[in-house]
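**Student:** Next up is a structure, given as structure tokens.
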Amino acid sequence: MAPPISVIALRPRSTVALVLVSLAGLLAFGWPLFATADSRLGQNADAPLVFALLLPLLMAVVLFEISEGGLDVKAVAMLGVLSAVGAALRPLGAGTAGLETVFFLLILGGRVFGPGFGFVLGSTTLFASALITGGVGPWLPYQMLGAAWVGLGAGLLPRVPARWEVLLLAGYGAVAGLLYGVALNFSFWPFASGLESDLSFVAGAAPWENLRRFGVFSAATSLWWDLGRALTNVVLIAVTGRAVLGTLRRASRRAAFDADVGFDADMDSDADVGFDQGAHLRDAPATRHTLQG
């Protein structure tokens, strides 16, 4: 199996930015577990804050890589193409009955091009899709970060023999599909049910009590959708995985993302020497003829 190509290498500065994005996302998803009884935070109030934290830090990952020479024109072009394809694929499923047709591409792209590329690809794909379908709203930063984690995780998977790779990615797709649904549920659960329901979030309750309530809420409201997403990922990766992986790896070899570009200082002098030697050899017979004459 070919090793992954690190199109966006995780250098120290970009790693710090990625960690900051992830920590901000964990706080945005998990704040209900630590909310006090008099908390009045709402989704409409905290979503702009998540946008303000997520998008600049996400751009910092890209800008740091450009400044360090880790993201060239070829990588930007590949990122744009895959983001556009993913944005076009997403409306085909649109989440109906849990059918999500975008995540398999994020997983395969992250696997081939590395965790940094997978992280940025997940975010840009969901953002482009929201612009196309008019799905911009307070839920978008959560979707972007969830998809970014899916692509990041695919790039961090261990290397396995080629015959097991599609099986590994299909299994990861199933787990990622379920966890993505759980994360998105957490983002709106405190605002989705009545105050007296056993499914409801209770501000100030112990974290394990709210986790129990959240488990009941997820099982009752979205388990079948999450299973549908997981199954869709498994089927699409199993059917298209080998072909798509091969196509992306051929593209990466032709683009030579991991090739070091350099110039040989002796190249011009060697060319001149070769030309002089050739001219000398061409002129040698004529010189011998002149001497003999």
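**Student:** Charges only on Cβ, +1 for Lys and Arg, -1 for Asp and Glu: so what's the dipole of segment 200-252 about the Cα centre, in debye to the nearest 20? It would help to have the intermediate numbers written out before the result.
**Tutor:** Working: 6 positive and 2 negative charges, 67 e Å.
The calculated dipole for segment 200-252 is roughly 320 debye.
**Student:** With a 1.4 Å probe and all protein chains in place, put Ser197, Ser123 in order of accessible area, largest first. If you can, show how the numbers build up before the last one.
**Tutor:** Details: Ser197 40, Ser123 0 Å².
Largest accessible area first, the list is Ser197, Ser123.
**Student:** Computed FRET efficiency, Cβ-Cβ of Leu156 and Ala206, R0 25 Å: what is it to the nearest 0.05? Don't skip to the end; give the middle numbers.
**Tutor:** Numbers: r = 33 Å, r/R0 = 1.31.
Efficiency, from the Cβ-Cβ distance: 0.15.
The values are calculated or read from the model by the stated rules, or taken from the named source; none is laboratory data. Predicted, not measured: the structure shown is a model, and the values here were computed from it. Cβ: placed from backbone, ideal geometry, glycine included. Neighbour counts: every protein chain shown. These area figures cover heavy atoms from the full protein model, side chains too; ligands, DNA and RNA do not enter into them. Shrake-Rupley method; radii C 1.70, N 1.55, O 1.52, S 1.80 Å.
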